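Trainee: Structure provided below as structure tokens; questions to follow.
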């Protein structure tokens, strides 16, 4: 029997000395380009997709490639190919074998060309990369799409983590098949130290898949609400501590709030406005890598003075040698 010769190297656009990695990359590029999902009803694209799959089925397998290469490089596509003596016995090694995924996952009956069947027999292995449901291809269940939703939490909740209830609006089929909206409530465990903009993956909570396929995942994008006392800078939180001029000059101990309860903070003498004192481990982040609380000193002066206060400040100005503007 004479059949049309197929140059599998030419189909994939690679040389006869191409590596397995080059062959794999060339096939994936063509598969993406001509995938039937992207060209519904396009017989030309369908043919090129099947042709690339057949070429890859041969060239990815060292034994099949070795057998194919024995044809020699001088055959041209379009010539009639008559297998040389002995090929019938050699191809029996491949007959009846299923490739990765087996016949059920591949081209199916009639999916390969006569040229392929002549070399390797009727069971040359399935093309497990095929999807699309046309011709001899078997449609694979399509996994559901991933979804994303915003979720706002307080800074204390971001610091401590813990269980939260998330209400999601989703569209479902209502009475008579008309779409309607419903609220779905999920219980979510927020990891301690989560930051603004971080995403939390909820496996299987995305869009439903096709029949027999898994649903997609849901990604919660965390939004941390502004806090009346604390500002967030990377993994650290910043708290502004107001001090009187004499507290800043003489030093003091002040009870300051943190996201984990108040602590005693020792303020050293002579601290200036804008200086930052560190309370370690009271910021955001995971255990062992948690940020700090930065206490920023804000020296305040009274807007109005009593006669005694004015007299004392005037006396201080007269006797002090301190000059902040050298």
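The values are calculated or read from the model by the stated rules, or taken from the named source; none is laboratory data. The structure displayed is predicted, hence computed values, not measured ones. Because the Cβ atoms are built from the backbone with ideal geometry, glycine has one as well, and the counts that use them run over all protein chains shown.
Trainee: Any idea which residue in segment 17-32 is surrounded by the most Cβ atoms within 10 Å (Cβ to Cβ), counting only those that are modelled with pLDDT of 90 or more and either closer than 20 Å to residue 113 by Cβ or not assigned by TED's automatic domain parsing to the domain that holds residue 114 (or both)? Full working, then the answer.
Mentor: Narrowing segment 17-32 to residues modelled with pLDDT of 90 or more: 17-30.
Of the ones still in play, those that are also either closer than 20 Å to residue 113 by Cβ or not assigned by TED's automatic domain parsing to the domain that holds residue 114 (or both) are 23, 26-27, 30.
Values: 23: 20, 26: 20, 27: 23, 30: 20.
The residue in question is 27.
Conditions tested, residue by residue: (1) in contact with a helix residue (DSSP H, G or I) (Cβ under 9 Å, 6 or more places away or on another chain); (2) modelled with pLDDT of 85 or more; (3) under 15 Å from residue 10 (Cα atoms).
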position	(1), (2), (3)
45	yes, yes, no
52	yes, yes, yes
59	yes, yes, yes
71	yes, no, yes
84	no, no, no
87	yes, no, no
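Trainee: If you check residue 237 against the conditions, is it assigned to a strand (DSSP E or B), touching a strand residue (DSSP E or B) at 6+ places or on another chain (Cβ under 7 Å) and either under 20 Å from residue 157 (Cβ atoms) or in the same structural domain as residue 303 (by TED's automatic domain parsing) (or both)?
Mentor: Values: assigned to a strand (DSSP E or B): yes; touching a strand residue (DSSP E or B) at 6+ places or on another chain (Cβ under 7 Å): yes; either under 20 Å from residue 157 (Cβ atoms) or in the same structural domain as residue 303 (by TED's automatic domain parsing) (or both): yes.
Yes, satisfied.
Trainee: In segment 229-261, which residues are farther than 13 Å from residue 277 by Cα and under 33 Å from the mean Cα position of the chain (by Cα)?
Mentor: Once the filter is applied, which keeps residues that are farther than 13 Å from residue 277 by Cα and under 33 Å from the mean Cα position of the chain (by Cα), segment 229-261 yields 230, 231, 232, 233, 234, 235, 259, 260.
Trainee: From the set of residues in segment 240-265 that are out of contact with any strand residue (DSSP E or B) (no Cβ under 8 Å at 6 or more places or on another chain) and modelled with pLDDT of 90 or more, which is surrounded by the most Cβ atoms within 10 Å (Cβ to Cβ)?
Mentor: Initially, segment 240-265 is screened for residues out of contact with any strand residue (DSSP E or B) (no Cβ under 8 Å at 6 or more places or on another chain), giving 246, 249-250, 260-261.
Cutting the leftovers down to modelled with pLDDT of 90 or more gives us 246, 249-250, 261.
Working: 246: 12, 249: 16, 250: 11, 261: 7.
Checked segment 240-265; the qualifying residue surrounded by the most Cβ atoms within 10 Å (Cβ to Cβ) is 249.
Trainee: Does residue 204 fit the bill of being under 17 Å from the mean Cα position of the chain (by Cα) and under 30 Å from residue 297 (Cα atoms)? Working first, answer last.
Mentor: On the way: under 17 Å from the mean Cα position of the chain (by Cα): yes; under 30 Å from residue 297 (Cα atoms): no.
Criteria not met by residue 204.
Trainee: Follow-up question, since we're still on this one. Can you work out which of the residues in segment 199-234 that are surrounded by 17 or more Cβ atoms within 10 Å (Cβ to Cβ) and in contact with a helix residue (DSSP H, G or I) (Cβ under 9 Å, 6 or more places away or on another chain) is nearest to residue 157 (Cα to Cα)?
Mentor: 224
Trainee: Could you tell me whether residue 184 is surrounded by 11 or more Cβ atoms within 10 Å (Cβ to Cβ), at pLDDT 70 or above, more than 23 Å from the chain's Cα centre (by Cα) and over 29 Å from residue 285 (Cα atoms)? Break it down into steps so the answer makes sense when it comes.
Mentor: Details: surrounded by 11 or more Cβ atoms within 10 Å (Cβ to Cβ): yes; at pLDDT 70 or above: yes; more than 23 Å from the chain's Cα centre (by Cα): yes; over 29 Å from residue 285 (Cα atoms): yes.
Spelling it out, residue 184 is indeed surrounded by 11 or more Cβ atoms within 10 Å (Cβ to Cβ), at pLDDT 70 or above, more than 23 Å from the chain's Cα centre (by Cα) and over 29 Å from residue 285 (Cα atoms).
Trainee: Specify the residue that is surrounded by the most Cβ atoms within 10 Å (Cβ to Cβ); the eligible residues are those in segment 33-72 that are outside any helix (DSSP H, G or I) and under 29 Å from the mean Cα position of the chain (by Cα).
Mentor: Filtering segment 33-72 for residues outside any helix (DSSP H, G or I) gives 35-42, 60-61, 70-72.
Subset that is under 29 Å from the mean Cα position of the chain (by Cα): 35-40.
Details: 35: 16, 36: 20, 37: 9, 38: 12, 39: 16, 40: 10.
Selected residue: 36.
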